[in-house]
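To keep things clear, I will list the structure first and then write my remarks on it.
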Amino acid sequence: MNAEAQIKKGRKFDQVVEGARSVFLREGYEGASVDEIARDAGVSKATLYSYFPDKQHLFLAVLEIECAQQAEVDFLMDSGELSVEETLHGICTALITFILSRFGQDMFRVCVAEAQRFPDLGRTFYDSGPKKWGRKIAQYLDSPKARAMLDIEDTALAADQLAQLCRADLMLKVLFGIEKDPQGAEIDRVAAEAVKTFLARYRRA
């Protein structure tokens, strides 16, 4: 479901979404109330309902808008000047940065916590984030430029493997609070190793 396609934007749309974002991350989906969201957003409930028919649509909109970081990946894949290895490194860096971001971590926790009671939320997070990333990476792996260098039969599986390599142990350290703010050098190191491992498996002889 595309939440944005079902709502009308206005001058306070961003204000409502930002208020909802802060409440959902603080209280979780079930704990968040429309009254609290309206208060945090600095709008009336009538204004909130003029944009969103219910709390679920508001949550889905927050997810889809925040996951718009896919645009960075689109830019990398559209750049014909980069080599395949450079493009893969850029993809991995963007993916790791998103995974380790405050939003990525907090929304992951919210969706995991609410997935049993509200399975649609987990599905939306998966569709807006991991699934979309995987589809875009697979499309790049299917491109003539990538095909000339890589020997891949199942690009969807290969895309998922690349994404899993990006998560490594750093994701768990951040998720469990062991490491608070990974530096760019550490992210670059994980991205570089992910690309090396991926190329060792799929580079044409």
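Annotation note: trypsin sites (Lys or Arg not before Pro) in the stretch 85-178 located in DSSP loop regions with a Cβ neighbour count of at most 12 within 10 Å are ARG117.
Segment GLU81..LYS180, full-extension length gain: 32.2 nm, with 0.36 nm per residue of separation and the alpha-carbon distance subtracted.
Site-free segments of the chain were taken between GluC sites (Glu not before Pro) in DSSP loops having at most 16 other Cβ atoms within 10 Å, sites themselves excluded; the longest one is 1-80. With all protein chains kept in place, the per residue accessible area of the chain amounts to 53 square angstrom at a probe of 1.4 angstrom. Listed by chain and number, the lysines whose alpha-carbon sits under 20 Å from that of LYS45, ignoring those within fewer than 8 places in the same chain, are LYS8, LYS9, LYS12, LYS55. Under the simplified labelling scheme, the ASP54-ARG189 pair shows an inter-label distance of 4.8 nm, with each label point 7 Å from Cα along Cα→Cβ. The portion of the accessible surface of the stretch 26-160 made up by carbon and sulfur, rounded to a whole percent, is 51 (1.4 Å probe; DNA, RNA and ligands excluded). Each stretch of four or more DSSP H residues adds -39500 (n - 2.57); spread over every residue of the chain, this sum gives -22500 deg cm²/dmol at 222 nm. Excluding same-chain neighbours fewer than eight residues apart, the lysines reachable from LYS145 by a Cα-Cα span under 26 Å are LYS131, LYS132, LYS136, LYS196.
The values are calculated or read from the model by the stated rules, or taken from the named source; none is laboratory data. Predicted, not measured: the structure shown is a model, and the values here were computed from it. With ideal geometry, Cβ positions are generated from the backbone for all residues, glycine too; neighbour counts draw on all protein chains shown. Each accessible area value is taken on the protein alone, full model and side chains, heavy atoms only, with ligands, DNA and RNA left out. Shrake-Rupley method; radii C 1.70, N 1.55, O 1.52, S 1.80 Å.
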